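Below: one structure, written as structure tokens.
The values are calculated or read from the model by the stated rules, or taken from the named source; none is laboratory data. Since this is a predicted model, take the numbers as computed values, not measurements. Don't worry about glycine lacking a Cβ; one is built from the backbone with ideal geometry, like all the others, and counts go over all protein chains shown. Note: accessible area is taken over every heavy atom of the protein model, side chains too, but ligands, DNA and RNA are not part of it. Shrake-Rupley method; radii C 1.70, N 1.55, O 1.52, S 1.80 Å.
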Amino acid sequence: MKLFRDLLRDYRFALGFWALCLLLFFAALSFGSPYDPTVWGEVPRDQRPSAEYWLGTDSNGQDIFWLATFAVRNSLIIALIAGVVSRIVAVVVGMVAGYRGHTTDRALMFFSDSLLVIPLFLVIVMLAMLIRSSLNLVTLGLLLAFFGWAWDARLIRSQILSLREREFTQTSILSGANTLGLVFNEYMPYITPLVFSTLINNMAWAIGLEITLAILGLLDLSIPTLGTMLYWAINYQAILLGRWWWLMTPITISLLLFVALYWLSVSISVYLDPRTRVQRIGAG
Amino acid sequence: MDNTILRTTALQAFYQLDLYGKSKVVKAVNEVDLAIQADEIYGIAGESGCGKSTLLKALVAAVEPPLRVVGGKVTYRIDGKEVDVSTLSPEQKRALRLSYIAYVPQGSMSVLNPVARIRDTYRDFIESHLGRQRHQEAFALAQDHLTDLGLPLKILDAYPHQLSGGMRQRVTIALATLLKPRILIGDEPTTALDVVVQRGVVQLLKEVQARLKNTIVLVTHDMGVHANIADRIGIMYAGRIVEEAATEKIFGAPAHPYTQYLISSLPKFGDKTPRESVPGSPPSLANLPGGCPFHPRCPHVQTRCKEKMPGFTQIEKNHRVACWLVGEGEHGQAA
Amino acid sequence: MDKLLEVENLTKVFALGSVLSKLRITAVDNVSFFIKPAEIFALAGESGCGKSTTARIILGFEHATAGTITHSGKKEAKNERVWFTEGIQAIFQDPFGTFNPLRPVERYFFETLRNYKLASSPAEAVRRIDAKLHAVGLSYEDLAGKYPSEFSGGQLQRISIARALLTDPQLIVADEPVSMVDASLRMSIVNLFKKLRDELGVSVLYITHDLATAYYVCDRIAIMFRGDIVEMGTVEEVLMNPRHPYTQLLRASIPEADTTHRWQGEIRLADTEQDEYLRQGCRFAGRCPHAMEICRSTPPPTVQVEGVQVRCYLYSEPFS
């Protein structure tokens, strides 16, 4: 709790945190939605925002406010799956490569470098096309996770490489620690901030990619996400026809989400930076 | 005649830090009076965290936030006139640096450009301080200077990483003294070096001083180096100078309990009698005890030590001590 | 004679640069010495002399290129990172680097006890930790819940020694244990080594460049230069009556804290260090005032002179 109070004193964290809370509350509203998000034509089409339809309705006959609550929820689920799974892979690969070194390191880094140099976007588009029929929230999350860990695994590996040379590593070995104990007790405090700040960055990246894939029409378009909302809005020429409420809702929400995630990422990584942490321990 | 070239008067330099809403003041230099003479080697000795490096920053007029001079002043004597450092513009400070006062840090890599040959570093240096001379003249100047100091000329063609640590440090000293500064300030210039190399570097410093007849202010925690090079020594403890005397006096007849402990704890060859450390630990400059800062560790502590910081007592010519045991502290002036 | 640790013909070669350049530096060259029980043995020399590499090999952090290490009759097992378990412990140079700054110091104490199964209950663990901390002049209360940044360097070094003592080792390898501790506090650390030797019978391998503290605390000393042991014997003999020209130079270069012993005369420094590693004969020949023809071509033999082992032609048969 002390950590949280310290963090909230940073205005960037406070802004990001409250913005994210707002979005989460918004996503939670979806559970009380009077409409089924996959059914069309439940409400009159193309209504402007009004007291009855707060954010208007779209050309598919869906209420945009309630549809958006589902969209935020689903986009966050995809991003969370992508972020968490890829963090796990990145931590395991980075730690094993950094600590074991030699052949293991070379093999793992060859694999991650290969992922880094291929034109990622094209490959994801191609794969999405191939498995389009089975592309739901979970499989999309996993697909993005598969391509999202390589860079961070490298980051973690380089951290481990430098930590391995610190004297406390030797103290720990002399205290009888095995490899697992060493990595978890000694290195985790240094890796955790990296995991958190990259998790948030990775989630932002996953949401961006989901939107792109959806606009290209590569996702299951019946599932409401920020991307598919945009897809339909663009598909029905919402700009041309002046239905700004339809387009602005997903765009505003996406921007708010990106900015909130960015603020959180910046302030958390500053707070968890080992150097400032040591100073705080001294000052505390 | 007053021969003081560098003077500090009741100098106070504090760090004012603000860490996540907690502000703290680190009293790194506290009421320091120094009168450093022309043509002397003045040693400042003290433990890590006693404020000696901060004092040097104030002496070379390199005080930058969060460090602030909150009281007292530093004065240079330039051409017979006393100049208060705080009145100098950044432009004037830059002009004084190296031509009047020069600084030798612990690590030479911060001075030498790692991707330039020594020759080029010298040339850049001469051009920026003496104006754009012709390349040949600059080079001739550097060569003469190195020859004077007994360094091989072939180092001019080397990159810093090709030289040993001791050679790099000597090149740094040569560079710092190229413009014949009146004051040379060394912050642990030999600390990272091996003993044989250290001896070589100290030898060079002495030679420079003998040649230029200038002033060297040398900060090091190594009492052995002080014993070998310094004319006078100021012992610093918790931001204050607690004793100042000629080197022979400091080693032969120290008067402050801290100095006594410090000197007696130094191991000597041919003498295996048990030695004791100063008890306890040095105080944090952010949280100093009241009164004399040494009182929690002092075996002779009295009530008034805890209440009031003693002033200086002149126990003989050029030997002053800040301790209640020695005197009432009525002669507060630096000599 | 009883030997606690014996190092025989230890050699460590580092390949520098790429595979192709084949620049090989022999950091430790055929070094042999032994340490007796309850003895403080110094391995002294300047940076790059191989003393720390030797210590790292003994601790298992580095593999030797050749040679053997025997600890209480047990030989080092090949390719096993930590071949000793409780018998050899170490303390390091940088007291602030010894413990992870993000973790409370006491964790290392509890982990040591748990990993070596030395305590059966938390209460027993605290009792044991407290006892070891008392041996270094501290107590568990001083330590509980605190982070490394809350201690001074001298305190941390004592805490480090207490941690090493938890397993009741026979040997503590101390790599430059006081070089980063303030002069006024050094003696408290150095005196501890004496106390451990005299009261607990612990031996200390004291790796240092500081010959004055080595003289004060050690029983025997080996002087290393560029990978070789050039002189070895009791501190009285080696430091008060140095025989090898390098030991003489080293001894004369120490700044003594005594104004009556100021440095006399001038010295010559090596131009570059690599030349000395790659030298064929005696590696000190380039700077030695007594260098002869043979010194430059063939490495000198090790000879015994009045109980001191010296590696120099000045003392070998045809010349002495």
**OP:** Please state which of the following conditions residue A:166 fails to meet, knowing it meets all the rest: (1) modelled with pLDDT of 90 or more; (2) facing another protein chain (nearest Cβ under 9 Å).
**Re:** (1)
**OP:** Report the residue count in the range C:178-190 for those that are open to solvent by 10 Å² or more (accessible area, probe 1.4 Å) and either more than 7 Å from chain B (Cβ to nearest Cβ) or acidic (Asp, Glu) (or both).
**Re:** 3
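Taking the condition open to solvent by 30 Å² or more (accessible area, probe 1.4 Å) and at pLDDT 90 or above, does residue A:29 pass? Give the derivation first.
Working: open to solvent by 30 Å² or more (accessible area, probe 1.4 Å): yes; at pLDDT 90 or above: yes.
So residue A:29 passes the test.
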**OP:** Please enumerate the residues belonging to the range C:132-152 that are part of a helix (DSSP H, G or I) and open to solvent by 60 Å² or more (accessible area, probe 1.4 Å).
**Re:** C:134, C:141, C:142, C:150
**OP:** Give me a count of the residues in the range B:89-130 that are touching a Lys or Arg at 6+ places or on another chain (Cβ under 7 Å) and at positive phi.
**Re:** 0
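Tell me which residues, restricted to the range C:193-231, are hydrophobic (A, V, I, L, M, F, W, C) and under 18 Å from residue C:47 (Cα atoms). Step through it out loud before you land on a result.
Residues of the range C:193-231 hydrophobic (A, V, I, L, M, F, W, C): C:193, C:196, C:200, C:202, C:204-205, C:207, C:211-212, C:214, C:217-218, C:221-225, C:229-230.
Passing the criteria: C:205, C:207, C:211, C:212, C:214, C:221, C:222, C:223, C:224, C:225, C:229, C:230.
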Original post:
Can you tell me which residues in the range B:191-210 are more than 9 Å from every other protein chain (Cβ to nearest Cβ), buried (at least 21 other Cβ atoms within 10 Å of the Cβ) and in a loop (DSSP other than H, G, I, E, B)?
Top reply: none
**OP:** Starting from residues that are in contact (Cβ under 8 Å) with a residue 40 or more places away in the chain and in contact with a Pro (Cβ under 9 Å, 6 or more places away or on another chain), keep the ones in the range C:212-225 and report whichever is surrounded by the fewest Cβ atoms within 10 Å (Cβ to Cβ).
**Re:** C:212
**OP:** Can you run down the residue pairs with Cβ atoms below 7 Å, 6 or more apart or on separate chains, where the first is in the range C:261-290 and under 20 Å from residue C:251 (Cα atoms) and away from chain B (no Cβ under 11 Å) and the partner is at pLDDT 70 or above and part of a loop (DSSP other than H, G, I, E, B)?
**Re:** C:282/C:299; C:282/C:300; C:283/C:226; C:285/C:279; C:285/C:291; C:286/C:279
Original post:
Filtering the range C:93-110 down to residues that are more than 7 Å from every other protein chain (Cβ to nearest Cβ) and under 23 Å from the mean Cα position of the chain (by Cα), which residue is farthest from residue C:177 (Cα to Cα)?
Top reply: C:96
Original post:
Taking into account only those residues within the range B:259-273 that are within 7 Å of chain C (Cβ to nearest Cβ) and part of a loop (DSSP other than H, G, I, E, B), which is nearest to the chain's Cα centre (by Cα)?
Top reply: B:266
**OP:** Select from the range C:167-184 the residues that are in contact with a Pro (Cβ under 8 Å, 6 or more places away or on another chain) and within 19 Å of residue C:98 (Cβ to Cβ) and list them in ascending order.
**Re:** C:180, C:181, C:182
Original post:
Among all residue pairs at least 6 apart or on different chains, which show Cβ distances below 6 Å where the first residue, located in the range C:93-117, is closer than 20 Å to residue A:191 by Cα and open to solvent by 10 Å² or more (accessible area, probe 1.4 Å) and the second is in a helix (DSSP H, G or I) and β-branched (Val, Ile, Thr)?
Top reply: C:101/A:278
Original post:
Which one of these does residue B:283 not meet: (1) away from chain C (no Cβ under 14 Å); (2) surrounded by 18 or more Cβ atoms within 10 Å (Cβ to Cβ); (3) not charged (D, E, K, R)?
Top reply: (1)
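Tell me which residues, restricted to the range B:308-335, are of a type in the set (A, V, I, L, M) and at pLDDT 85 or above.
We begin by selecting, within the range B:308-335, every residue of a type in the set (A, V, I, L, M); these are B:309, B:315, B:321-322, B:325-326, B:334-335.
Those that are of a type in the set (A, V, I, L, M) and at pLDDT 85 or above: B:309, B:315, B:321, B:322, B:325, B:326.
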Original post:
Would you pick out the residues in the range C:154-174 that are within 9 Å of another protein chain (Cβ to nearest Cβ) and among the charged types (D, E, K, R)?
Top reply: C:163
**OP:** Return a yes/no flag: does the range C:261-278 have any residue that is open to solvent by less than 70 Å² (accessible area, probe 1.4 Å), touching a helix residue (DSSP H, G or I) at 6+ places or on another chain (Cβ under 6 Å) and at pLDDT 80 or above.
**Re:** no
Original post:
Take the residues of the range C:9-68 that are aromatic (Phe, Trp, Tyr) and at pLDDT 90 or above: which is most open to solvent (accessible area, probe 1.4 Å)?
Top reply: C:34
Subject >> Those residues of the range A:219-252 which are assigned to a helix (DSSP H, G or I) and open to solvent by 20 Å² or more (accessible area, probe 1.4 Å), in sequence order >> reply: A:231, A:232, A:234, A:235, A:244, A:247, A:248, A:251, A:252
**OP:** Among the residues of the range B:156-189, write down those that are at the interface with chain C (Cβ under 9 Å from one of its Cβ atoms) and crowded, with 21+ Cβ neighbours inside 10 Å.
**Re:** B:166, B:167, B:170
Subject >> Residue in the range C:195-216 that is modelled with the highest pLDDT, counting only those that are closer than 24 Å to residue C:155 by Cβ and facing chain B (nearest Cβ under 8 Å) >> reply: C:216
Original post:
Among the residues of the range A:39-56, is any at pLDDT below 90, in a loop (DSSP other than H, G, I, E, B), of a type in the set (Ser, Thr, Tyr) and exposed (fewer than 15 other Cβ atoms within 10 Å of the Cβ)?
Top reply: yes
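Would you be able to say whether some residue in the range B:305-325 is within 14 Å of another protein chain (Cβ to nearest Cβ) and hydroxyl-bearing (Ser, Thr, Tyr)?
Filtering the range B:305-325 for residues within 14 Å of another protein chain (Cβ to nearest Cβ) gives none.
No.
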Original post:
Any chance the range B:211-227 includes a residue that's free of Cβ contacts under 8 Å to residues at least 60 places away in the same chain and more than 9 Å from chain C (Cβ to nearest Cβ)?
Top reply: yes
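Before we move on, is residue B:136 modelled with pLDDT under 80 and in a loop (DSSP other than H, G, I, E, B)? Please lay out each step first, then the result.
Numbers: modelled with pLDDT under 80: yes; in a loop (DSSP other than H, G, I, E, B): no.
So residue B:136 does not fit the description; no.
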